[in-house]
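The values are calculated or read from the model by the stated rules, or taken from the named source; none is laboratory data. All figures in this text were calculated on a predicted structure; none of them were measured in a lab. So basically every Cβ, Gly included, is an ideal-geometry build from the backbone, and we count neighbours across all protein chains shown.
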Amino acid sequence: MLSRDNSFIRFDEWSQRYTMHNIFAGYLRRLLENQADQTEVFGIYRRSGEWNIANGHILTGIKLFLKAKEYDLILEEFEKPGITHPGVAVAVKRSQWRYI
């Protein structure tokens, strides 16, 4: 387990997920995009999107699918009844699309 005093990576008790400081996340994102080919980057975004959706983080998953240019997977999510997963329902407003 990572140290609780780590300034860059923390465990969020509420969401039960690790979160990264924005500066560190941005650094890692730029490093990946500069050193990996585009197909590899898209694959990472897709797998991350799949994991997030499988774990009930629908909007995060959709955002990652958008980065991976996986438009069919986004549509598949919207075709699910009420965009629901185990006990989680998410409503997406049209105004949110410009931020994804």
- Please state which of the following conditions Leu64 fails to meet, knowing it meets all the rest: (1) more than 15 Å from the chain's Cα centre (by Cα); (2) modelled with pLDDT of 90 or more. (1)
- Message: Test of understanding: among Leu59, Leu66, Leu73, which residue is in a helix (DSSP H, G or I) and touching a residue at least 40 places away in the same chain (Cβ under 8 Å)?
- Response: Leu59
- Given (1) crowded, with 16+ Cβ neighbours inside 10 Å; (2) touching a Gly at 6+ places or on another chain (Cβ under 6 Å); (3) modelled with pLDDT under 85, where does Ile53 come up short, assuming only one miss? (3)
- Of the conditions (1) modelled with pLDDT under 90; (2) surrounded by 10 or more Cβ atoms within 10 Å (Cβ to Cβ); (3) of a type outside the set (Phe, Trp, Tyr), the single one that Gly26 does not satisfy is (1)
- Note on the structure: Of the residues in the range 40-57, those that are β-branched (Val, Ile, Thr) and under 17 Å from Tyr18 (Cα atoms) number 1
- Message: Looking at Arg10 and the list (1) out of contact with any strand residue (DSSP E or B) (no Cβ under 6 Å at 6 or more places or on another chain); (2) surrounded by 16 or more Cβ atoms within 10 Å (Cβ to Cβ); (3) at pLDDT below 90, which single condition is not satisfied?
- Response: (1)
- Message: If I filter the range 79-90 for residues that are modelled with pLDDT of 90 or more, of a type in the set (Asp, Glu), assigned to a helix (DSSP H, G or I) and more than 13 Å from the chain's Cα centre (by Cα), do I get at least one hit?
- Response: no
